[in-house]
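One structure below.
Derivation of every value follows stated rules applied to the coordinates shown; laboratory data play no part. Not measured: the values here are computed from a predicted model.
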Amino acid sequence: MNSIKQALGVLWIILAIASTYFCIFEFGLPKLLSDKQDDLVFGIIILFILTPLIVLGLGTFGYFAVAGEYNTKIKRS
């Protein structure tokens with residue numbers, strides 16, 4: 001079970017990298033460079049609020065999973 005958790009940790013880190021690309025280059029910058037006021041506000045929200053939350057959350061969770069912080073340790077007395 002612990003090896004599955006570590007493998008999924010790698011998956012979370014890959015998802016963090018992929019979401020960085022998509023949030024910046026696919027969603028954020030095209031909206032930021034648009035001429036519409038609504039798109040400008042949406043682009044600012046994506047780039048400066050949502051992207052750091054998503055990337056840091058996925059990356060931190062993946063790092064802790066790879067590092068073994070979520071491994072189960074059974075203590076028997």
| request: Quick one: plug the Kirkwood hydrodynamic radius of the chain (C-alpha pairs) into Stokes-Einstein at 4 °C, 1.567 mPa s, and report D in µm²/s. | output: 93 µm²/s
| Whichever aspartates and glutamates have a C-alpha closer than 12 Å to that of Lys5, once near sequence neighbours (fewer than 8 apart) are set aside | Glu69
